[in-house]
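Structure record follows, encoded as structure tokens.
The values are calculated or read from the model by the stated rules, or taken from the named source; none is laboratory data. Nothing here was measured: the structure is a model prediction, and the numbers come from that model. We place every Cβ from the backbone using ideal geometry, glycine too, and count neighbours over all the protein chains shown. The area values use the complete protein model at the heavy-atom level, side chains included, leaving out ligands, DNA and RNA. Shrake-Rupley method; radii C 1.70, N 1.55, O 1.52, S 1.80 Å.
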Amino acid sequence: MPQLHAFLLLPSNSKPFPHHSILSSSSSFSSSAPIRRRLPSSAPTKPPNLKRLTSRIVQLTRRRQLHQILEEIENAKREYGKLNTIVMNAVMEACVHCGDVDLALNIFHQMTQPQSCGVDTVTYATLLKGLGRARRIDDAFQLLESVEKGTAAGNPKLSTQLIYGLLDALIEAGDLRRANGLLARYGFRLREGGSPSILTYNLLMKGYINTGSPNAAINLHEEILHLGMEPDRLTYNTLIFACVKAENLDAAIRFFKEMKDKAQRLCHSDLYPDIVTYTTLLKGFGHAKDLHSVQNIVLEMKSRHDLFIDRTAFTAMVDAMLNCGSIKGALCMFGEIIKLAGANVGLRPKPHLYLSLMRAFANQGDYNMVKNLHERLWPDSAGTISLAVQQEADHLLMESALNNGRIDAALDNLTKIINRWKCISWMSRGGKVALRLEALLGFTKSMLSPYLLPQVLPGDPIESIMMSFETTKPLPGTLELKKVVMRFYREPLVPIIDDWGSCIGLLHREDCCEMNAPLSTMMRSPPPCVTTTTTIGHVVDLVLEKKYKMVIVVKHSNLNGTTHGSRAVGVFTAEQLYNLVTPVPEVLKQKHSVHRSLTMF
């Protein structure tokens, strides 16, 4: 891990001595008189302008290029010396954004040193957010208590900014139990006029939605009105989102109309629906396949001259049209985006939009349209085209050819996929197309090297073959490594549980680095988790694609969008999978002119 050091450069802007001040031969001076030399006064060094460096760090943070950030910080320290708190706060934000909370703690401790730049409230808020996301709740509470007691470095004041930062991180992680504990401990700081602020309720509603309880979020609306608080735009947007999640579109429309009526009645421009409101409704009605409502929302959006329709909103329009089966309407909207993008580069569609259209045309077997979109994906789309996107685009091209009856073109595309990607998931869309082609060719002319699962059916629930959770003998997270170190000589990984018996992470043998540290500080959290009703095929895909060594299984009624607080009932390991698979018997294989080694599970 790179260490950050501060270097202080001596000022080097002294001007050279003028020659006439040293070698003067004026007759007004005696030859025996000593020549007095005036030393140049060193002007104070102008502090460097670090705004450009801060902007650069923000850009690299969005790209998750943490290593590049640390490298440029080292170079900046050599050039400028000590950096200021604003720059180092940006570096801490980058660490939190990239999920490296240990590095954020390291930088925090360096900032608190006597000769360093120091820390402020933003520093503490960033660190609390990182600790919350990493589920290091005890460390976060200790840090908050040190601020409250006045013993924290830099003497920051306990403010609502710090509490809300940790609260938001806990809610994002779906840990409502500890979020409510935080409110019980520090809620007095958040109360205005004897009751919590509207922001607190907005965060709580967000938490209920994240944990799969949107109806509980909707019920908070009555409590808000009972306390005499006025919902703001964020409140209404959250309520509408909760209604969409609960598939209660009638309630969503009621909140939408209430929002507009109140804005007109009170002449409150901040209450009018914004682009988030409309895109949320588009998603809801698109999922419900209500084309008439989708068209009405699009019409209202275009009729509002004060509303800027950005790329995200246009994408939501196309997705809603496609979900409703209106491919012609989606194509017209896509053409409008391409036309507007000529004058505004920020409207150029992302690769996701191309894939959405390619999926629709592949279903219809429109090979030429899918081929055109496949060719224009690279030159016309904006943003990064990930490997997953490239792979799916190739699969969709193969699918469209097969659905069009062009077997030769489909085989040609499958050959290219084999040569380029080397592997394909059996449960993916492209994998199913490849299996259809395999069925046409037969095992004797197989282009693949398939493995079979003769003992199970991919559609069966994972509950039928999982091991019980108790069989793994999980360890409590508070236990120190030195007390159970021999366990990791025998087993490559062990589940970790909290005081309530809930699985909170997996500790791998290679992560055991501190003998005196609790197991919870070294585990990988949250653990990969599925429900008992999840199909075996999906779990196999997780093990193969994500390289998971163990998947935790919980009851379907306990999984509320997160593994935290859910009691595990079983596990499925990579070792179990390898014991189940068998290769295709050699007698069924035959050399083929285009045979390639493509691993397919």
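Values for this structure:
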| read-out | value |
| --- | --- |
| Looking only at region 265-290, and only at residues there that are farther than 18 Å from V318 by Cα and among the charged types (D, E, K, R), the one that is farthest from the chain's Cα centre (by Cα) | R265 |
| Segments classed as helices (runs of 4 or more DSSP H), wholly inside region 101-189, with at least 1 members that are in contact with a Leu (Cβ under 9 Å, 6 or more places away or on another chain), open to solvent by 20 Å² or more (accessible area, probe 1.4 Å) and of a type in the set (A, V, I, L, M) | 101-111, 137-149 |
| Total residues in region 395-420, condition buried (at least 18 other Cβ atoms within 10 Å of the Cβ), of a type in the set (D, E, K, R) and within 29 Å of the chain's Cα centre (by Cα) | 0 |
| Pairs, first free of Cβ contacts under 8 Å to residues at least 24 places away in the same chain in region 206-218, second assigned to a helix (DSSP H, G or I) and of a type outside the set (D, E), C-beta under 7 Å, six or more apart | A216/Y208 |
| Hey, I407 under 14 Å from F314 (Cβ atoms) and of a type in the set (V, I, T) or not | no |
| Residue match in region 372-380 (condition: among the acidic types (D, E), more than 21 Å from G430 (Cβ to Cβ), modelled with pLDDT under 95 and open to solvent by 20 Å² or more (accessible area, probe 1.4 Å)) | yes |
| Residue match in region 288-311 (condition: touching a residue at least 40 places away in the same chain (Cβ under 8 Å) and β-branched (V, I, T)) | no |
| Pairs, first on the phi > 0 side of the Ramachandran plot in region 132-148, second part of a loop (DSSP other than H, G, I, E, B) and open to solvent by 40 Å² or more (accessible area, probe 1.4 Å), C-beta under 6 Å, six or more apart | R135/S525 |
| Residues (of a type in the set (D, E, K, R) and free of Cβ contacts under 8 Å to residues at least 24 places away in the same chain) located in region 482-516 | K483, R487, R490, E491, D498, D499, R509, E510, D511 |
| Filter result for S55 (farther than 25 Å from P156 by Cα and at pLDDT 90 or above) | yes |
| Residue in region 325-332 that is in contact with a Lys or Arg (Cβ under 8 Å, 6 or more places away or on another chain), open to solvent by 50 Å² or more (accessible area, probe 1.4 Å), without any contact (Cβ under 8 Å) to a residue 60 or more places away in the chain and small (G, A, S) present | yes |
| Scan of region 440-459 for residues that are modelled with pLDDT of 80 or more and open to solvent by less than 80 Å² (accessible area, probe 1.4 Å), ordered by number | V456, P458, G459 |
| Among the candidates T534, T573, residue that is among the hydroxyl-bearing types (S, T, Y), over 20 Å from A173 (Cβ atoms), crowded, with 19+ Cβ neighbours inside 10 Å and modelled with pLDDT of 85 or more | T534 |
| Condition met for H292 (modelled with pLDDT of 95 or more and either assigned to a loop (DSSP other than H, G, I, E, B) or open to solvent by 50 Å² or more (accessible area, probe 1.4 Å) (or both)) | yes |
| The one condition in (1) within 28 Å of G505 (Cβ to Cβ); (2) modelled with pLDDT of 90 or more that M427 fails to fulfil | (2) |
| Residue in region 83-93 that is open to solvent by less than 30 Å² (accessible area, probe 1.4 Å) and part of a loop (DSSP other than H, G, I, E, B) present | yes |
| Top-ranked residue in region 503-521 [being out of contact with any helix residue (DSSP H, G or I) (no Cβ under 9 Å at 6 or more places or on another chain) and either assigned to a helix (DSSP H, G or I) or among the polar types (S, T, N, Q) (or both); ranked as surrounded by the fewest Cβ atoms within 10 Å (Cβ to Cβ)] | E510 |
| Number of the exception - T279 against (1) buried (at least 18 other Cβ atoms within 10 Å of the Cβ); (2) among the polar types (S, T, N, Q); (3) modelled with pLDDT under 95 | (3) |
| Meets criteria (more than 21 Å from G99 (Cα to Cα), open to solvent by less than 20 Å² (accessible area, probe 1.4 Å) and either modelled with pLDDT of 90 or more or aromatic (F, W, Y) (or both)) for V484 | no |
| Qualifying positions in region 490-502 - assigned to a loop (DSSP other than H, G, I, E, B) and open to solvent by 30 Å² or more (accessible area, probe 1.4 Å) | E491, P492, D499, W500 |
| Members of region 222-254 found to be closer than 24 Å to A288 by Cα and over 29 Å from the mean Cα position of the chain (by Cα), listed by number | D250, A251, I253, R254 |
| Residues (open to solvent by 60 Å² or more (accessible area, probe 1.4 Å), more than 21 Å from R178 (Cβ to Cβ), without any contact (Cβ under 8 Å) to a residue 60 or more places away in the chain and touching a helix residue (DSSP H, G or I) at 6+ places or on another chain (Cβ under 9 Å)) located in region 460-481 | K473 |
